[in-house]
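Just below is one structure, and these are the notes that go with it.
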Amino acid sequence: MISNVNILGCGVCTPLGNTAQEVFRAVREGRSALRLHPDAFGCAEPVFASLFERAPFEGKSLFPEICVRAAVAAIAQAGINVSSDRTALVVCSVKGEIELLGKADVTLAASARKIADALGVTTPPLVVSNACISGLAGLVQGRRLLLSGLYDQVVVVGAEVQSRFIVSGFQSLKALSDEACKPFDIARKGLNLGEAAAAMVLSQDGGKAGGFQILEGAIRNDANHISGPSRTGEGSFNALRYVLPAVDPQELAFISVHGTSTLYNDEMESIALDRAGLLDVPVCALKGSFGHTMGAAGILESVMGMLALQEGIVLPTRGFERLGVSRPVKVSATEVPASGKAFIKLLSGFGGVNGALVFRQS
Amino acid sequence: MENLINELKLKVIDALNLEGMTPQDIADDAPLFGEDGLGLDSIDVLELIVLLEKNYGIRLATPQEGKKVFQSMAVMADYVAANRTK
Amino acid sequence: MRTVNIPSGTSLADLYREHVGDYPKFFKMDTACKLGFLLAELLVKEDPDRFVPREDRAVLVFSRFGSLSDDRNFAASMEELASPALFVYTLPNTVTGEIAIRNKYAGETSAYVLEAFDPDQILNQICLAFQDRNTRSVLAAWVDCPSDQEWNAIGWLIELEDLLPPAEGHHCCHGHSGGGCCHHHDEEEGGGHHCCHHHDEEEGGGHHCHCKENKQE
């Protein structure tokens, strides 16, 4: 099918591990790098987060470094010529190198240029900064770049690094939990922040049997409120409605949701799933394993989805115990068998954005 | 208390960017939230929580607490008078 | 295609009062959002049914500086007590969000950061947005605010029809065959890539794109 796009390689760089397999195993075993940091970034209150040890990165700027590491792994797996003029680079992040504000050029364009140079990419990088759906939006863009014929392969890398800037911001919104987050749980009280980088190489060529494809993707705005999600899950529902025709319902194994563990987000997603007629599809929420990795989330959580589908399982939703949303969403604290060859990645973000992607194993 | 209510109104107008409003435009007992009120939203509640801490040393832990305190300027002023540490 | 701009240093409050006047949330926005909001206002003010919710108009925002001016304001507030109202705008895509909320655009909204104002890159991205089958028009803006006092703000409203090359034999739009278009096609005829730029010449069914060096299939 000419509108499908193959995933030739993946790479990750996270506090939980530096290969996709390592991280997948950790998630499967219920492990996490989320913990309480009593005085991270000089913030007033302690932060429950999943953060990199800074020492191994001494002398380097963390953001571009983790992007490069994740991208290098994906490029190696894909075996593409990264310096070809037919290779594009898409960099996705919310705040990039913001911790250097006042000391250096913190524009994402400058960071993307550093990453492109380090990778040997010769084409002008495209930067997507679409709040917490940035990684997913980057994959949508990468797919479009291929379908337009402008490029033959695209490296999409999404990442986020935490800082006093971001932590103070979320603290001012009272959106953080001081304990391990609990997606969809009755006792959920906020999100945990996380750091990670994740990358995929996409191409219309080179697809193999058993390999993964992106069949469809869409971004939709709630057109409702600048920071709170629509109470009726408008944008999520519309994004789902757009991508669902690309999937055979019998083949849909699970939905990897945003599941930030805030009161409003998880409730909104349950409503969107209900409206889309998806309540009997198993759901997994991974932010209890990595925290909210913002710009990386769309790609990292999709990579985990791919590995899960390959193993024939739905990953556990760490932190979930008792359902606390108004619709009977099929979340599980333990791993369950998956049946099907496709999954959907769903995400939302500030500014009313929502996105959905369909992945399928051939 | 008159002075405190007026002072609070000025601070609220400034903190929430209520352009063109003066203290005279806000009745002491007028509801601040909802359609009939000033139409303030969830971010405004959070901003008012910051206002209380910054100016009066009062720490409200949750937006739910905030909504009770911010029902009207009069309720807010009473609360500030009773709990201020600055 | 319509285009508008707001010169650097214009009084945005005055512009708001002249063209809007009944949307108090305007004053809570950061400078970039005010600019995007006003550009959109100037572009679509006369549209019939303008506040009827629609999913067929995408909103795209481009900049080099992103939310930098608000980032600085938020960082300054951090010195005393971080302001949630400022934090909420420390994202480039809030510009698209405010436009979407005001105008009830429930379609795609996206934000991109470029190294500099580059009309080719911007046009490319606009074209690619039409690959979403529901998108029939794009409201795009270059909103670049290094500070609250100076900026570059330009807006465009582009309809699908604006991208159709005028020459005979071109088809465009969803699901057709053989034409040059930014939509993906279920079948491809006569080789060649798809591109949304106007074509200076069409060669034997293949397409020549003058904006990028691409190989002919």
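The values are calculated or read from the model by the stated rules, or taken from the named source; none is laboratory data. Because the structure is a prediction, the values reported are computed rather than measured. FYI the Cβ positions are ideal-geometry reconstructions off the backbone, even for glycines, and counts take in every protein chain you see. Quick note on the areas: whole protein, heavy atoms, side chains included, nothing else; ligands and nucleic acids left out. Shrake-Rupley method; radii C 1.70, N 1.55, O 1.52, S 1.80 Å.
Numerical summary
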quantity	calculated
Residue, nearest to the other protein chains (Cβ to nearest Cβ), within region A:123-134, restricted to residues that are in contact (Cβ under 8 Å) with a residue 12 or more places away in the chain and closer than 15 Å to A:Leu145 by Cβ	A:Val127
Subset of region A:66-94 [in contact with a helix residue (DSSP H, G or I) (Cβ under 6 Å, 6 or more places away or on another chain) and either closer than 17 Å to A:Ile299 by Cβ or of a type in the set (S, T, N, Q) (or both)]	A:Cys67, A:Val68, A:Ala71, A:Ala88, A:Leu89, A:Val90, A:Val91, A:Cys92, A:Ser93, A:Val94
Within region C:125-149, considering residues that are more than 11 Å from every other protein chain (Cβ to nearest Cβ) and in a loop (DSSP other than H, G, I, E, B), the one surrounded by the fewest Cβ atoms within 10 Å (Cβ to Cβ)	C:Gln149
Region A:135-169, subset under 13 Å from the mean Cα position of the chain (by Cα) and farther than 23 Å from A:Asn4 by Cβ, residue nearest to the other protein chains (Cβ to nearest Cβ)	A:Glu160
Leading residue by the ranking (surrounded by the most Cβ atoms within 10 Å (Cβ to Cβ)) among those in region A:127-179 that are among the basic types (Lys, Arg) and farther than 19 Å from A:Glu195 by Cα	A:Arg143
Members of region A:226-242 that are within 11 Å of chain C (Cβ to nearest Cβ) and buried (at least 20 other Cβ atoms within 10 Å of the Cβ)	A:Ile226, A:Ser227, A:Ser230, A:Glu234, A:Gly235, A:Phe237, A:Asn238, A:Ala239, A:Tyr242
Candidate set: region A:1-58, residues that are charged (D, E, K, R) and more than 30 Å from A:Leu215 (Cβ to Cβ); chosen: the one surrounded by the fewest Cβ atoms within 10 Å (Cβ to Cβ)	A:Glu58
Enumeration of residues in region A:293-314 that are part of a helix (DSSP H, G or I) and of a type in the set (Ser, Thr, Tyr)	A:Ser302
Scope region C:40-70; condition in a helix (DSSP H, G or I) and open to solvent by 10 Å² or more (accessible area, probe 1.4 Å); matching residues	C:Leu42, C:Leu68
Which listed residue is basic (Lys, Arg), touching a residue at least 60 places away in the same chain (Cβ under 8 Å), in contact with a Ser or Thr (Cβ under 6 Å, 6 or more places away or on another chain) and at negative phi, from C:Arg2, C:Arg57	C:Arg57
In region C:105-124, the residues that are within 17 Å of C:Arg2 (Cα to Cα) and open to solvent by less than 10 Å² (accessible area, probe 1.4 Å)	C:Ile122
Residue tally, condition open to solvent by less than 10 Å² (accessible area, probe 1.4 Å), more than 15 Å from A:Ser302 (Cβ to Cβ) and not polar (S, T, N, Q), over region A:338-358	3
Candidate set from region A:94-122 (those that are more than 14 Å from C:Arg64 (Cα to Cα) and of a type outside the set (A, V, I, L, M, F, W, C)); member that is farthest from the other protein chains (Cβ to nearest Cβ)	A:Gly120
